[in-house]
Amino acid sequence: KTGSNQTRSRYERLPLGPLRPIDLDAGKQTVHHYLLLYRDPWIRLCSGFRSKMIGGCKRDVNCFRKIWLQKISMDSNRSLLERYFDGVVRSTAASLDHHFRP
């Protein structure tokens, strides 16, 4: 059981610490707000493929290779999407355009 100035998480396992109201006008306290944006890496990869390969290069692998992803395979026996994923995996993070980094 926690003290009167403690609260528990909604799972009733860990105390969250003392609760004390903050008066923002008293003492001219500075309050910092943080926002963390997260985009699902799979959605980001698919979006990059659709935007750059399908939209920008009109499914032209040579165009895509020249502009965006040098490590994409030229093997036409594999699907374009499979070659794209393989190219992303084989590339170093530094060599990837920000559209394809998870």
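Taking every protein chain into account, the accessible area of segment 40-100 amounts to 61 square angstrom per residue (probe 1.4 Å).
Going by accessible surface with a 1.4 Å probe and the largest first, H33, H98 read H33, H98. Each label was represented as a point 7 Å from its Cα along the Cα-to-Cβ direction; for E82 and D97 these points are 2.4 nm apart.
The values are calculated or read from the model by the stated rules, or taken from the named source; none is laboratory data. The structure displayed is predicted, hence computed values, not measured ones. When we count neighbours, we look across all protein chains shown, and the Cβ atoms used for this are built from the backbone with ideal geometry, even at glycine. In case anyone asks, the SASA skips ligands and DNA or RNA and just uses the protein heavy atoms, side chains included. Shrake-Rupley method; radii C 1.70, N 1.55, O 1.52, S 1.80 Å.
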